[in-house]
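Quick notes on the structure that follows.
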Amino acid sequence: MTRVGIIIGSTRPGRNGEAVGRWVQEVASAHGGGEYELLDLAAFDLPHLDEIVPAAAGQYALQHTRRWAETIRGLDAFVFVTPEYNHSMPGVLKTALDFVYAEWNHKAAGFVGYGADGGIRAVEQLRQVMAHLKVADVGPQVTLSLWNDFVNMSEFRPDPRHEASLTTMLDELLSWARALRSVRNETVPEPVG
């Protein structure tokens with residue numbers, strides 16, 4: 001079974017990410033094709049990077065890093081639920097991406113952005129990071145507007161059309177995750193250094 005982590009990319013108090021993440025999980029579970037796990041970065045409490053050795057070396061000394069690495073290692077694909085803060089992704093999401101390296105490799109990612117402009121710029125920056133992490137990101141994405149999909153910019157009420165966009169993205173995500181399974185199963189040499 002393909003395991004998909006739905007990562008809530010904000011830890012800010014009063015964030016909209018929890019409601020959006022639960023919606024993604026609900027639609028995904030009804031869609032089927034995989035197991036969908038909601039991962040709230042707030043529950044992982046990752047500090048700003050505090051590992052001495054760079055993540056690419058795979059030598060994680062700290063318990064919170066090892067816990068995060070084990071979680072990411074066990075997944076085949078990801079749906080990143082991200083707001084857009086100042087034309088970018090939240091710092092906590094970038095930190096979570098930077099904490100580990102090989103655990104992301106040869107997996108698939110899809111995106112659900114939200115914000116004044118649908119989180120488009122945050123997703124575009126995430127796509128750049130995915131390329132370096134060797135993650136295949138799918139083209140279809142969901143863009144939720146604070147003006148049209150939230151009441152008073154806080155109560156999540158998505159336009160029903162977004163469910164079709166999410167389903168299209170999930171179809172692509174699952175297809176890529178399955179296709180990359182053989183790449184993930186190849187023997188990869190240990191990192192040097």
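The values are calculated or read from the model by the stated rules, or taken from the named source; none is laboratory data. Because the structure is a prediction, the values reported are computed rather than measured. Cβ coordinates were reconstructed from backbone atoms using ideal geometry, including for glycine residues, and neighbour counts include every protein chain displayed.
If I filter segment 71-87 for residues that are surrounded by fewer than 16 Cβ atoms within 10 Å (Cβ to Cβ), among the charged types (D, E, K, R) and either closer than 12 Å to I7 by Cα or out of contact with any His (no Cβ under 9 Å at 6 or more places or on another chain) (or both), do I get at least one hit? Spell out the reasoning first.
First, the residues of segment 71-87 that are surrounded by fewer than 16 Cβ atoms within 10 Å (Cβ to Cβ): 73-74, 86-87.
Among the residues that remain, those that are also among the charged types (D, E, K, R) are: 73.
This time we only want the ones that are either closer than 12 Å to I7 by Cα or out of contact with any His (no Cβ under 9 Å at 6 or more places or on another chain) (or both), so: 73.
Yes.
Here R22 clears all of (1) basic (K, R); (2) outside any helix (DSSP H, G or I); (3) under 21 Å from L173 (Cα atoms) except the condition numbered (2).
Every condition in (1) more than 12 Å from the chain's Cα centre (by Cα); (2) over 24 Å from E172 (Cβ atoms) holds for D40 except the one numbered (1). Given the criteria surrounded by 11 or more Cβ atoms within 10 Å (Cβ to Cβ), touching a His at 6+ places or on another chain (Cβ under 6 Å) and farther than 22 Å from S88 by Cα, does R184 qualify? Yes; evaluated as a whole, the condition is true for this residue.
Within segment 100-144, can you find the residues that are small (G, A, S), crowded, with 18+ Cβ neighbours inside 10 Å and not in a loop (DSSP other than H, G, I, E, B)? Talk me through it step by step, then tell me what you get.
Residues of segment 100-144 that are small (G, A, S), as a first pass: 102, 108-110, 113, 115-116, 118-119, 122, 131, 136, 139.
Then keep just the ones that are crowded, with 18+ Cβ neighbours inside 10 Å; that gives 102, 108-110, 113, 115, 118-119, 122, 136.
Correct list: A102, A108, A109, G110, G113, G115, A122, A136.
Every test in (1) under 24 Å from H132 (Cβ atoms); (2) modelled with pLDDT of 95 or more; (3) not hydrophobic (A, V, I, L, M, F, W, C) is passed by H48 save one, and that test is (2). Taken over segment 28-47, the residue count meeting the criterion of being surrounded by fewer than 19 Cβ atoms within 10 Å (Cβ to Cβ) and in contact (Cβ under 8 Å) with a residue 60 or more places away in the chain is 2.
Rundown of residues vs (1) over 30 Å from A57 (Cβ atoms); (2) modelled with pLDDT of 95 or more; (3) small (G, A, S), yes/no style:
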{"site": "A96", "(1), (2), (3)": "no, yes, yes"}
{"site": "E103", "(1), (2), (3)": "no, yes, no"}
{"site": "G115", "(1), (2), (3)": "yes, yes, yes"}
{"site": "A122", "(1), (2), (3)": "no, yes, yes"}
{"site": "L126", "(1), (2), (3)": "no, yes, no"}
{"site": "W147", "(1), (2), (3)": "yes, yes, no"}
